[in-house]
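Derivation of every value follows stated rules applied to the coordinates shown; laboratory data play no part. Everything numeric in this text was worked out from a predicted model, so none of it was measured. Cβ: placed from backbone, ideal geometry, glycine included. Neighbour counts: every protein chain shown.
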Amino acid sequence: MTAPVTTADTGRRPVLLAYGALTALGALFFAGSFAYPWTAPEDGTVGAGALPRTAGLLLAVLGTLLIRQELRTGSVLEGDGHVEEAADVPAEEAHRMRTKLIVVVVTMVVTALLVPFLGLLPALTLMTLFLTAVVERQPLTRSLLVAALVMALSYLLFVVVLRIPLPFGLFDPAVWSQL
C-alpha cells in the first residue's frame, strides 16, 4: 500500500544515485559487449556478446525508468526502510534477519562446492529447494514444485535454447561410460 506522496518525497538523492548507478552499470555492460560477437562464427549459436548486451540494455532501460518514476512521483512506500524506521526494528527481528542472511550466504557457498560433484542444475535445484522450504518456510509441496520448475526452465534455457555446456558432475554421461 502506498503512502501519500508529498513533493518533498520525490527525487530523494540516495535513491536517484542508486538508480543512476544501475543505469550506468547497464550502459557499461552494453557498451563493453560490442567487443564480443553476437553469434559464434563457427556454427551461428549465441555468442559471447549476447548476454552482456541484452542484460546491459535491460538494466540501463530499467534504471532510466526508475529514475523517471522517482523524479515524477517518488517511491516512498510503507516500510520503505528509512533510517528513522530502521531504529525501531526489535532486536529479535534484527537477529532473525542476520541469521537468515548468514544461512543464505552459507547455502550459496555450499552450492558452489557441490557443483563439481552434482553438476550445476542439480546443485541449484537443491539450493532452491532448501531456500524455499527452510529459509522461507514455504510448504514442502510448493517448495518441490518451485525447485522442479527452476530446474526445468534452467535446462530449457541453458541446455536446449542457448546450448551452453554446463557441468553435469556425476550425471555426466562421460563419467558413466568410463565404468
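Figures for the structure shown
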| item | result |
| --- | --- |
| Counting all C-alpha pairs of segment 13-163, share separated by more than 28 Å (%) | 49 |
| Hydrodynamic radius by Kirkwood, which averages 1/r over all alpha carbon pairs of segment 86-129, in angstrom | 11.9 |
| Spin-label pair Val105/Ala31, simplified geometry with 7 Å Cα→Cβ offset, distance in nm | 3.3 |
| Placed amide H near Thr39: partners under 5 Å, 5+ positions off or other chain | Gly47 |
| Estimated distance in nm for a label pair at Ala18 and Ala148, the labels positioned 7 Å out from Cα along Cα-to-Cβ | 3.7 |
